[in-house]
1. What value, in deg cm²/dmol to 500, does the helix sum -39500 (n - 2.57) over DSSP H runs of n ≥ 4 give at 222 nm once divided by the residues of the chain?
2. I'd like the per residue volume of the convex hull spanned by the Cα atoms of the chain, given in cubic angstrom.
3. For region 1-54, calculate the relative contact order in percent as a whole number, restricting contacts to Cα pairs under 8 Å that are 6 or more residues apart.
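Every number here is computed from the coordinates shown, using simple stated rules; none is lab data. What you see is a predicted model, and the numbers here were worked out from it, not measured in a lab.
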Ligand SMILES: [Zn+2]
Ligand SMILES: [Zn+2]
Ligand SMILES: [Zn+2]
């Protein structure tokens, strides 16, 4: 079994089978898939990817 990790820049959540897929990338939640518009939080409350992603940081 392969576990996919969310393609959100700072997110390390495992992507569930039902996760949204955008442009061939997989994300753990809708918020990550949409690059956290309005600082929308990740499905995992312990994950702070939405804060770190704020401001559009590139790899
Ligand atoms: Zn996350
Ligand atoms: Zn994510
Ligand atoms: Zn995220």
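1. On the way: 2 runs with 8 residues, N = 59.
Value at 222 nm, helices only, nearest 500: -2000 deg cm²/dmol.
2. Working: hull volume 4.9 nm³, N = 59.
Residue-normalised Cα hull volume stands at 83 Å³.
3. Details: 93 pairs, mean separation 16.6, N = 54.
Over region 1-54, the number comes to 31 percent.
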